[in-house]
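Below you'll find the structure, written out as structure tokens, and then a few comments.
The values are calculated or read from the model by the stated rules, or taken from the named source; none is laboratory data. What you see is a predicted model; the values in this text were computed from it and never measured. Because the Cβ atoms are built from the backbone with ideal geometry, glycine has one as well, and the counts that use them run over all protein chains shown. Accessible surface areas use protein heavy atoms only, side chains included; no ligands, DNA or RNA. Shrake-Rupley method; radii C 1.70, N 1.55, O 1.52, S 1.80 Å.
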Amino acid sequence: MRIVVLVSGSGTNLQAVIDAVRDGGLDAEIAAVGSDVPGCRGLERAVEAGIRTFTVAPADFASRPEWNRALEEAVAANSPDVVLLAGFMRILDAEFVARFEGRLVNTHPALLPSFPGAHGVRDAMDHGVKVTGVTVHLVDSGVDTGPILAQAAVPVLDDDTEESLHERIKVEERRLLVETLAKLA
Ligand code: GRF
């Protein structure tokens, strides 16, 4: 199974997938890693693992649709069976989603449909939930909607900060992501 991974930041979810492929826990190949953020840590992790990378930055395009088309072509050029959004922080347009729908996977640090959007961890904390978690789902034309593939619950501790809670979520997220990709493979 060929996976193209899109990242925007630290790439610890990507690293979990890289490690699982290397250690034989995931029967797949990471064909390429792409990002909207030049030089982000996630791209560095791919380079360190000898994986092809590409950068498609919005600032280099006159419009958001042109950026979407360029990203779509960069992904398609690597013939993915699965496109994984692992900490990718841009909204992809309907044409991009339609091209890869059914094999476009996203991970979100909350128990969807609760707390969608870019601040799911903070929103859950602000709401005062005692349990939150992580969701791996197929991407459809909505934001953090689409068929849910897997979820895991994570407790919220009284002295949690957004960062400490997110780190606890990411421990489960990395495990759940690899498990879900292994099932898809
Ligand atoms: C992950 O928790 C992801 O669900 C969220 O942002 C975090 C990215 O972490 N969108 P990383 O870049 O994989 O370390």
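Out of A70, A86, I need the residue that is surrounded by 16 or more Cβ atoms within 10 Å (Cβ to Cβ), of a type outside the set (V, I, T), within 16 Å of the ligand (Cβ to nearest atom) and at pLDDT 95 or above. Which one? Step through it out loud before you land on a result.
Working: A70 fails: within 16 Å of the ligand (Cβ to nearest atom).
Within the list A70, A86, the selection yields A86.
Hey, can you tell me all the residues within the range 132-177 that are open to solvent by less than 40 Å² (accessible area, probe 1.4 Å), in contact with a strand residue (DSSP E or B) (Cβ under 8 Å, 6 or more places away or on another chain), among the acidic types (D, E) and without any contact (Cβ under 8 Å) to a residue 60 or more places away in the chain?
D144
Based on what the data block shows, is D93 in contact with a Lys or Arg (Cβ under 6 Å, 6 or more places away or on another chain) and not β-branched (V, I, T)? Spell out how you get there, then give the answer.
On the way: in contact with a Lys or Arg (Cβ under 6 Å, 6 or more places away or on another chain): no; not β-branched (V, I, T): yes.
Against the criterion (in contact with a Lys or Arg (Cβ under 6 Å, 6 or more places away or on another chain) and not β-branched (V, I, T)), D93 does not qualify.
Considering the range 20-40 alone, what residues qualify as being surrounded by fewer than 17 Cβ atoms within 10 Å (Cβ to Cβ) and either more than 13 Å from V5 (Cβ to Cβ) or among the polar types (S, T, N, Q) (or both)? Full working, then the answer.
Filtering the range 20-40 for residues surrounded by fewer than 17 Cβ atoms within 10 Å (Cβ to Cβ) gives 22-25, 27, 29, 38-39.
Result: R22, D23, G24, G25, D27, P38, G39.
What is the one condition in (1) touching a residue at least 24 places away in the same chain (Cβ under 8 Å); (2) surrounded by fewer than 17 Cβ atoms within 10 Å (Cβ to Cβ) that T180 does not satisfy?
The number of the failed condition is (2).
Looking only at the range 87-96, count every residue that is within 15 Å of L6 (Cα to Cα), over 14 Å from the mean Cα position of the chain (by Cα) and in contact (Cβ under 8 Å) with a residue 40 or more places away in the chain and tell me the total.
0
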